[in-house]
Amino acid sequence: MQTVISQTNIKSLKLLNRGKVRDIYDLGNEILIVATDRISCFDVVLPTPIPEKGRILTEMSHFWFEKTKHIISNHISPRRLEEVISNPDELAILSGRSTIAIKAKPLPVEAIVRGYISGSAWEEYKRYKTVCGLKMESNLVESSKLTEPIFTPSTKAIDGKHDENITYSQMEDIIGKELAEKIRQISKDIYIYAANYALDRGIIIADTKFEFGLLDDKLMLIDEILTPDSSRFWPKNGYEPGRPQPSFDKQFVRDYLLSIKWNKKPPAPQLPEDIVKQTTEKYKEALKRLTKFCEP
Ligand SMILES: Nc1ncnc2c1ncn2[C@@H]1O[C@H](COP(=O)(O)OP(=O)(O)OP(=O)(O)O)[C@@H](O)[C@H]1O
Ligand SMILES: [Mg+2]
């Protein structure tokens with residue numbers, strides 16, 4: 001059964017947060033992260049949901065948590081949804097799009113790893129030949145692959161403010177040298193592992209963002225990982241440095257919004273049916289390539 005969910009309202013649980021895409025509920029020592037079918041583009045949530053998106057991204061994130069647990073432990077709880085939700089209607093809505101996660105104390109920084117230069121990093125490089133204060137080689141063009149992935153932390157936005165890039169030494173000041181070094185190393189290790197894995201399946205993970213939390217002083221990976229919502233996914237086919245790359249998932253949406261000359265300010269316009277359909281297909285394709293295609 002296909003249920004399109006743009007917002008959840010689970011009466012039996014306390015809502016903690018509604019992000020751009022996910023609704024978070026309190027479960028005491030755990031949280032329930034619900035990935036809806038909302039999509040954001042140019043940082044604005046669109047009024048039209050994308051069927052299957054929430055389920056596909058949940059499956060993808062769970063896939064990566066499982067695949068990377070040899071590198072770092074993560075927040076996935078062993079409890080099943082049926083153990084926390086008994087109402088059959090609520091179960092139908094939540095099933096496949098939910099993560100029961102052990103509640104940790106989130107660290108106030110985002111751990112970004114970049115294997116390619118794009119977005120805000122490219123903007124900074126054009127002006128100063130640096131990325132988050134790191135001196136870079138001088139011959140990069142837009143979307144160039146870096147000789148080695150770099151770690152570029154940011155602050156975590158509070159109340160709808162934008163995240164701000166910080167230097168590694170600012171990160172050390174915020175969370176301490178020891179934790180900063182651990183997070184930098186682990187983030188790079190996960191990125192390198194996942195980027196190689198995805199590249200073999202035709203997807204370039206240009207950059208990605210991780211969040212970490214502490215549980216009794218133990219570091220763990222939290223939030224979602226390695227989805228197109230937390231990363232830049234580019235099709236490997238057609239990759240060409242020197243220009244922006246098409247986004248694997250949102251390209252149809254972006255092209256459409258640009259074609260109608262939307263000013264990128266809310267409210268965003270509705271999406272036509274064919275754009276919605278093609279976008280669902282792209283999410284399905286990404287999931288299939290990563291999880292079901294030429295499994296070693
Ligand atoms: N295991 C966990 N324990 C505690 N907090 C967590 C855990 N996993 C994720 N979180 C937190 O839950 C929140 C998820 O919010 P979400 O990312 O959906 O929305 P947002 O950050 O408010 O806005 P945006 O949609 O722009 O990202 C984040 O603040 C994240 O740090
Ligand atoms: Mg967030």
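Among Ile56, Ile76, Ile24, Ile5, which is within 16 Å of ligand 2 (Cβ to nearest atom) and either more than 16 Å from the chain's Cα centre (by Cα) or closer than 19 Å to Ser95 by Cα (or both)?
Ile24
Check off (1) more than 14 Å from ligand 1 (Cβ to nearest atom); (2) in contact with an Asp or Glu (Cβ under 9 Å, 6 or more places away or on another chain); (3) among the basic types (Lys, Arg) for Arg22 and give me the number that stays unchecked.
(1)
Only one of Pro228, Pro235, Pro246 is within 27 Å of Ile190 (Cβ to Cβ), in contact (Cβ under 8 Å) with a residue 40 or more places away in the chain and in the same structural domain as Thr155 (by TED's automatic domain parsing); which?
Answer to the selection: Pro228.
If I ask for residues that are touching a helix residue (DSSP H, G or I) at 6+ places or on another chain (Cβ under 9 Å) and touching a residue at least 12 places away in the same chain (Cβ under 8 Å), which ones from the stretch 85-104 would you list?
Those that are touching a helix residue (DSSP H, G or I) at 6+ places or on another chain (Cβ under 9 Å) and touching a residue at least 12 places away in the same chain (Cβ under 8 Å): Ile85, Leu94, Ser95, Gly96, Arg97, Ser98, Thr99, Ile100.
Filter the stretch 138-170 down to the residues that are among the aliphatic types (A, V, I, L, M), within 12 Å of ligand 1 (Cβ to nearest atom) and closer than 26 Å to Arg243 by Cα and list them by number.
Of everything in the stretch 138-170, nothing turns out to be among the aliphatic types (A, V, I, L, M), within 12 Å of ligand 1 (Cβ to nearest atom) and closer than 26 Å to Arg243 by Cα.
Considering (1) within 16 Å of ligand 2 (Cβ to nearest atom); (2) within 22 Å of Arg289 (Cβ to Cβ), say which one Ala104 fails and leave the rest.
That leaves (2) as the condition not met.
For the stretch 120-128, check the following and say yes or no: at least one residue is free of Cβ contacts under 8 Å to residues at least 60 places away in the same chain, away from ligand 1 (no atom under 16 Å from the Cβ) and assigned to a loop (DSSP other than H, G, I, E, B).
no
Exactly one of (1) exposed (fewer than 15 other Cβ atoms within 10 Å of the Cβ); (2) within 16 Å of ligand 2 (Cβ to nearest atom) is unmet by Thr36. Its number?
Failing condition for Thr36: (1).
Would you tally the residues in the stretch 84-107 being away from ligand 1 (no atom under 16 Å from the Cβ) and either touching a strand residue (DSSP E or B) at 6+ places or on another chain (Cβ under 6 Å) or closer than 16 Å to Val34 by Cβ (or both)?
Residues meeting the conditions: 9.
Among the listed residues Gly133, Gly96, Gly119, which satisfies the condition of being under 30 Å from Pro51 (Cα atoms) and modelled with pLDDT under 95?
Of Gly133, Gly96, Gly119, the one residue that is under 30 Å from Pro51 (Cα atoms) and modelled with pLDDT under 95 is Gly119.
So, Leu81, is that one modelled with pLDDT of 95 or more and over 16 Å from the mean Cα position of the chain (by Cα) or not?
For Leu81, the condition - modelled with pLDDT of 95 or more and over 16 Å from the mean Cα position of the chain (by Cα) - is met.
Need pairs with beta-carbon distance below 9 Å; first residue in the same structural domain as Ser95 (by TED's automatic domain parsing) and within the stretch 1-22, second small (Gly, Ala, Ser) and surrounded by 15 or more Cβ atoms within 10 Å (Cβ to Cβ); sequence gap 6+ or separate chains.
Hits for this filter: Lys20/Ser40; Val21/Ala35; Val21/Ser40; Val21/Gly54; Arg22/Ala35; Arg22/Gly54.
Let's see how each residue does on (1) modelled with pLDDT of 95 or more; (2) within 13 Å of ligand 1 (Cβ to nearest atom); (3) under 26 Å from Asp255 (Cβ atoms):
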position	(1), (2), (3)
Met1	no, no, no
Asn9	yes, no, no
Lys14	yes, no, no
Asn17	yes, yes, no
Asp26	yes, yes, no
Asn29	yes, yes, no
Ile33	yes, yes, no
Glu52	yes, no, yes
Leu57	yes, yes, yes
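Would a scan of the stretch 154-165 turn up a residue that is over 24 Å from Asn17 (Cβ atoms) and either of a type in the set (A, V, I, L, M, F, W, C) or surrounded by fewer than 21 Cβ atoms within 10 Å (Cβ to Cβ) (or both)?
No; the residues of the stretch 154-165 include none that is over 24 Å from Asn17 (Cβ atoms) and either of a type in the set (A, V, I, L, M, F, W, C) or surrounded by fewer than 21 Cβ atoms within 10 Å (Cβ to Cβ) (or both).
Here's a check for you: in the stretch 61-81, which residue that is among the polar types (S, T, N, Q), part of a loop (DSSP other than H, G, I, E, B) and out of contact with any Phe, Trp or Tyr (no Cβ under 7 Å at 6 or more places or on another chain) is surrounded by the fewest Cβ atoms within 10 Å (Cβ to Cβ)?
Among those residues, the one meeting the criterion is Ser73.
Among the listed residues Thr208, Thr147, which satisfies the condition of being at pLDDT 95 or above, more than 16 Å from ligand 2 (Cβ to nearest atom) and not in a helix (DSSP H, G or I)?
Thr147
The values are calculated or read from the model by the stated rules, or taken from the named source; none is laboratory data. The shown structure was predicted, so the numbers you read here are calculated from the model rather than taken from an experiment. Every residue, glycine as well, gets a Cβ built from its backbone with ideal geometry; the counts of neighbours run over all protein chains shown.
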